[in-house]
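What follows draws every value from the coordinates through simple rules; no lab data is involved. The shown structure was predicted, so the numbers you read here are calculated from the model rather than taken from an experiment. Using ideal geometry, Cβ is built from the backbone for each residue, glycine included, and neighbour counts are taken over all protein chains shown.
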Amino acid sequence: MLTHDEKVAAIAAEVRAQASSGARIRISKGGVSHFVPLPNDPRTRERAVDVSSLCELIKIDPDKRECTAEPGLSFGALVAETLRHGLMPTVVPELEGISLGGAVVGCSVEAMSYRYGGFHDSCLEYEIVSGAGEVLRCSPSREPLLFGMIHGSYGTLGILTEIRFKLVPAKPFVRLEYRRLPTVARFYAELQERCAKADYDFIDGIIHDAETFILCLGTFVDQAPYLSSYRRLNIYYESTLRRQEDFLRTRDYCFRYDADCHWLTRTVPPLTWKPVRLVAAPWFLGSTNLIRWSKRLDRVLALKRRPDVVCDVFIPAPRFEEFFAWYCAEFRFFPLWVVPYRIPEAYPWVSSEQVARFNGDFFLDCAVYGKPNSAPDKDYSAQLEEATYRFGGIKTLISRNHYSRERFWSIYNQPNYEAAKARLDPKGVFPDLYENLGSVS
């Protein structure tokens, strides 16, 4: 087996070789990508640099509560190891197959994000291979602009090869409390109060319809009187309607949505039936299986008028109730997953104009997963994007994007991006952020 340094040296040599030929390249991490599958996706046409070997845990330091790992390591594998030390990452994305690198270059949040921010906010140092094949390190004190700009760059600035990040104490089990609130105003008020008091380890919510609001509150515990499982027969989000309390192993809590990729199994109804789940779980259930099958069905998906809407939008918390009123009137797709998210400081990849529209540092991630989008007279993906902008929010770039160049660079910080691009990728070996993502429609 190659050492970490040998793997990185080989990747850097490949980047230099491809760059010298003038070819544009993309990063291939192997396995399945958690970008939302799009038929005939133009992002797959560039030559790929294979980084699938970068998938190992390098070191856990229990005393410092730090971990060093390669970016292709999945959160499923990572959490299994950190829990042996009574530790876990500050943010564990809810799908087991999401990689550490994907969480950095994307925008991963979860139910501890009200306290810790996104996964990037727990990171201490990155090792990167630049577009010139240079291996460099950056941190908040060493090339801070590069460190900040790697977050949200979606693989357009360089290749992450190593990540050092913080861990926090964890217990073996999580006790969940489900509070049903009658109105969006009560739901938002209770969510705000719980976040302000920080009296729970985990806070998120599921809005089942325009009148059914469930606040999900989790606490680490040492013992559990019983344990539920949502790995095979039972579906997690449905349980929040029936139960007031639940106990899960901590690892099962982290990946409580994985079996159904939230609720995307609803698009294939038999996968929600218990007899089918009993037999088919190893082959069809789980986010990795479901994404892999969606890619295999690329030609079938291409026959649809448009792909379903799968997107996270970050709405400034003070405008959430306005956004939800619009959502119920115009969009109306449920469940809606809601995750409170506080950013420690404005990210350098966000423009100053957009930061001024945020109205604070507290957001609600509203996750729309699977809205059918075949109406002849409207494109719901474009509609959601426009509403997010109107309410001062920002969206992830994992799916279809409809921005004009002018709108895109009013949201994203073009001067900072160009400065990072000039330092890391002066010859444009990797795609440009707007060309790679903003122009996908």
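What does the extension gain come out to for GLN244 and THR272, with contour length at 0.36 nm per residue minus their alpha carbon separation?
Between GLN244 and THR272, full extension yields 7.9 nm more.
Let me spell out the model: positive unit charges on the Cβ of Lys and Arg, negative unit charges on the Cβ of Asp and Glu, origin at the Cα centre of the chain. What dipole size does that give, in debye rounded to 20?
So the magnitude is around 1000 debye.
Given +1 on the Cβ of Lys and Arg, -1 on the Cβ of Asp and Glu, and no further charges, what dipole in debye does the range 4-170 carry about its Cα centre, rounded to the nearest 20?
About 300 debye.
So what are the ³J(HN,Hα) numbers for the range 125-139, from phi and the Karplus equation (6.51, -1.76, 1.60; θ = phi - 60°), rounded to whole Hz, Gly and Pro as x?
With the stated coefficients, the range 125-139 comes to 6, 10, 9, 9, 9, 7, x, 8, x, 7, 9, 9, 10, 9, 7 Hz.
Kindly flag which residue pairs out of LYS371/LYS395; LYS29/LYS395; LYS59/LYS166; LYS166/LYS421 have an alpha-carbon separation exceeding 20 Å in this structure.
Long pairs (Cα-Cα over 20 Å): LYS29/LYS395; LYS166/LYS421.
For the range 4-170, what is the largest minus smallest coordinate of the Cα atoms on each principal axis, given in angstrom and ordered from greatest to least?
Computed over the range 4-170, the largest-to-smallest principal extents equal 48, 36, 27 Å.
Beyond 22 Å, what share of the Cα-Cα pairs of the range 289-414 is found? Please give it as a whole percent.
Of the Cα pairs, 39 percent sit more than 22 Å apart.
Once R0 is set to 22 Å, what does the formula 1/(1 + (r/R0)^6) return for the Cβ-Cβ distance between LEU124 and ARG84, expressed as a FRET efficiency to the nearest 0.05?
The calculated FRET efficiency here is 0.55.
Would you mind calculating the relative contact order of the chain from Cα pairs under 8 angstrom and at least 6 residues apart, reporting the percent as a whole number?
Computed value for the chain: 18 percent relative contact order.
Using 18 Å as the cut-off for backbone N distance, which residues of the range 344-384 belong to the label zone defined by a point 7 Å from the Cα of GLU330 along Cα→Cβ?
366-369, 371-384
Would you work out which of ALA280, ILE343, PHE362 lies farthest towards the positive end of the dipole of the chain? Charges go on Cβ: Lys and Arg +1, Asp and Glu -1.
ALA280
Determine ³J(HN,Hα), in whole Hz, for all residues of the range 384-389 in sequence, where each value follows from phi through the Karplus function 6.51 cos²θ - 1.76 cosθ + 1.60 and θ = phi - 60°; x replaces Gly and Pro.
With coefficients 6.51, -1.76 and 1.60, one gets 5, 4, 5, 5, 4, 5 Hz.
Take peptides 274-283, 247-256, 381-390 and line them up by average Cβ neighbours within 10 Å, highest first, as a rough protection proxy.
Ranked by mean Cβ neighbours within 10 Å, highest first: 247-256, 381-390, 274-283.
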